[in-house]
Amino acid sequence: MSDIEKVEIGMATLYRGDCLEVMSHVDKFDHCIMDPPYEASMHTKNRIVKSADGWGTSTEPHKFGAMDEHTRSEITRMIVEKCGGWVMIFCQSEGSHYWNQAIVTHGGKYRFTGVWVKPSSKPNMSGDSPGLGYE
């Protein structure tokens with residue numbers, strides 16, 4: 001487990017790292033919280049980011065690839081096989097359907113999609129659509 005950080009807090013053991021690498025080294029786990037890459041529609045060169053000093057913005061692509069179906073299938077296969085409790089997957093709203101399908105395809109049970117209300121979400125300044133205040 002090369003780039004995996006293992007932290008023990010009381011009776012809990014937390015692993016921080018690439019979920020495919022972590023899950024391939026762990027036989028069973030109680031719960032899974034992960035924030036995988038978003039769908040390809042979010043991986044554009046026009047992604048707006050704040051400058052490091054907090055003044056202004058620039059556009060740049062993500063430094064990692066978008067979620068693909070093979071990776072999603074491998075993740076959900078291992079989750080269904082190894083997880084004894086609940087799973088929380090952070091994703092864009094357009095991706096929740098794909099995660100649902102993948103979990104059910106591998107024999108898991110999809111419970112529901114939750115929404116994070118983003119109090120500091122950015123407005124849409126172009127005027128061609130409303131701003132997005134949730135994720």
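The values are calculated or read from the model by the stated rules, or taken from the named source; none is laboratory data. Quick caveat: nothing in here was measured; it's all calculated off a predicted structure. Please note: Cβ atoms are built from the backbone with ideal geometry, for glycine as well, and neighbour counts cover all protein chains shown. Accessible surface areas use protein heavy atoms only, side chains included; no ligands, DNA or RNA. Shrake-Rupley method; radii C 1.70, N 1.55, O 1.52, S 1.80 Å.
Points to keep in mind about this one:
- Of everything in region 75-123 that is aliphatic (A, V, I, L, M), modelled with pLDDT of 90 or more and farther than 18 Å from V22 by Cα, the residue that is most open to solvent (accessible area, probe 1.4 Å) is V104.
- Failed criterion for A52 (all others in (1) more than 25 Å from S41 (Cβ to Cβ); (2) open to solvent by 80 Å² or more (accessible area, probe 1.4 Å); (3) in contact with a strand residue (DSSP E or B) (Cβ under 6 Å, 6 or more places away or on another chain) hold): (3)
- Which numbered condition K63 fails, given (1) modelled with pLDDT under 95; (2) open to solvent by 80 Å² or more (accessible area, probe 1.4 Å); (3) touching a helix residue (DSSP H, G or I) at 6+ places or on another chain (Cβ under 9 Å); (4) not small (G, A, S): (3)
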